[in-house]
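Each reported figure results from applying straightforward, stated rules to the coordinates on display, with no laboratory input. Everything numeric here is computed off the predicted structure, so don't read it as measured data. When we count neighbours, we look across all protein chains shown, and the Cβ atoms used for this are built from the backbone with ideal geometry, even at glycine.
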Amino acid sequence: MTPREIIKAVLTFGAPPRVGLALPPPYPNDLVTAGRASGRADLPPVGSEIRRWRDEWGSVWATLTGYDKGEVVAPAIADWSQLAAYRPPDLGRAEDYAAAAQRFAASDRFRIGMLPGFVFNVARYIRRLENYLCDLLLERGSIDRLHELVRGELLKAIGRLADAGADAVMFPEDWGTQDRLMIDPAMWRGLFAPQFRTLTAAAHSRGLFVIMHSCGKITAIIEDLIECGIDCLQFDQPRLHGIDTLAQFAGRVSFWCPVDIQTTLQTRDAGQIAAEARELVTRLGAKGGGFIAGYYSSNQAIGLPPEVQDIACRAFVKQAMYR
């Protein structure tokens with residue numbers, strides 16, 4: 001089987017010969033990612049900032065390090081009086097996906113088209129998170145109008161990524177704190193589940209799988225995410241949910257995880273790291289597929305030398321074949 005065929009079998013519980021692998025060289029990688037060509041305008045740093053820029057949605061970002069993604073320091077919509085005149089970027093321009101189409105066509109790997117988020121991840125940056133969370137309670141009409149604008153552009157992007165040859169779309173939405181969902185689960189179900197259903201349905205109608213990255217403890221809505229049509233959950237902290245808990249969903253949704261970046265990797269203990277890699281494969285990939293072995297992309301961000309994740313990579317490759 002080609003890498004592309006293996007991942008399709010992983011996501012459909014189609015009894016692949018091994019788990020999926022998304023590891024750096026020299027280890028195997030079954031995935032290729034590409035997205036829309038987007039622009040940002042670099043701005044002069046202020047004070048101790050390393051970089052400052054304006055994204056294409058209109059928000060100004062800054063970062064204090066050379067490796068983190070930064071934070072919004074000036075939202076695109078600072079006051080709701082600006083909403084009527086606000087114009088989002090056009091995510092439907094075919095020419096912005098030409099490079100993605102070329103990258104996909106040149107690979108036998110599973111092709112993932114990257115989205116900037118679903119509605120939450122984009123809208124919270126347009127308003128800045130602390131404002132946005134208050135808006136959910138105090139400015140529901142304005143939030144609904146903003147969500148409608150963002151959703152319309154995301155629907156365009158899903159269609160264009162399908163046209164470019166993607167097998168799946170993937171989006172980031174960090175919904176969790178360290179111990180719970182960021183908002184009340186009932187509010188999530190009322191306000192965001194319908195958005196998820198609309199966007200996943202559009203992706204599925206074009207033959208695309210849907211992959212969601214989320215940090216934090218979002219265990220309370222895993223069942224909802226499955227119902228909304230998410231095919232794969234990318235979690236960097238599987239122990240935050242509990243591997244036993246995640247295993248209860250095996251066979252219904254796939255998981256893509258590294259060894260836990262906050263706990264197990266931090267021990268730097270080769271035995272513990274290898275044991276967790278084996279447990280992830282055997283527990284989450286036990287239903288005829290359902291698991292992709294992952295790697296956290298920034299060792300610097302998690303304060304570890306590459307040698308620590310290398311232990312996990314070797315263990316994943318050793319355990320990868322189903323027996």
### Task
Please give, to one decimal in nm, the separation of the simple spin-label points placed at SER38 and ALA270, each 7 Å out from Cα toward the Cβ.
4.2
### Query
How far is helix 193-205 tilted, in degrees, relative to the longest principal axis of the Cα atoms in the chain, given as a value from 0 to 90 rounded to the nearest 10?
60
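In what sequence do HIS204, HIS147 fall when counting other Cβ within 10 Å, fewest first? Let's see the in-between values first.
Details: HIS204 14, HIS147 19.
The order, fewest Cβ neighbours first, is HIS204, HIS147.
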### Summary
Most fluctuating of GLY303, GLY285, GLY294 in the GNM of the chain (C-alpha, under 10 Å) is GLY303
### Task
For ALA85 and ARG145, calculate 0.36 nm times their separation in residues minus their Cα-Cα distance, and state this gained length in nm to one decimal.
20.4 nm
### Lysine pairs within the chain, Cα separation less than 26 Å, 8 or more sequence positions apart or different chains
7
### Query
Under 17 Å from the 7 Å Cα→Cβ point of GLU95, by amide nitrogen: which residues of the stretch 36-75?
36-40
#### Entry: Under 13 Å from the MET321 label point (7 Å along Cα→beta-carbon), backbone N, the stretch 1-18
17-18
### Query
Just from its helices, what would the mean residue ellipticity at 222 nm be for the chain, if runs of 4 or more DSSP H residues each count -39500 (n - 2.57) and the sum is divided by every residue, rounded to the nearest 500 deg cm²/dmol?
-11500 deg cm²/dmol
### Summary
With Cα coordinates, the longest principal axis of the chain makes an angle with the long axis of helix 129-138, in degrees rounded to 10, of 70
### Summary
Bridge orientation stat for the chain from DSSP, antiparallel percent rounded to 5, came to 35
#### Entry: Between 0 and 90°, nearest 10: helix 140-163 axis offset from the chain longest Cα axis
50
#### Entry: Inverse mean reciprocal Cα-Cα distance (Kirkwood Rh) of the stretch 83-229, Å
16.1
### Task
Select from PHE110, PRO89, CYS134 the residue farthest towards the positive end of the dipole of the chain; place +1 on Cβ of Lys and Arg, -1 on Cβ of Asp and Glu, and compute about the Cα centre.
PHE110
### Segment ASP184-GLU130, length gained on full extension (0.36 nm per residue, minus Cα span)
17.9 nm
### Task
Using a Förster distance of 45 angstrom, determine the FRET efficiency expected from the C-beta separation of THR65 and ALA286, and round it to 0.05.
0.70
## Note on the structure
Taking Lys and Arg as +1 and Asp and Glu as -1, residues besides ASP96 with C-beta under 11 Å from its C-beta add up to +1
### Query
Taking the Cα centre of the chain as origin and charging only Cβ (+1 Lys, Arg; -1 Asp, Glu), how large is the dipole, in debye to the nearest 20?
640
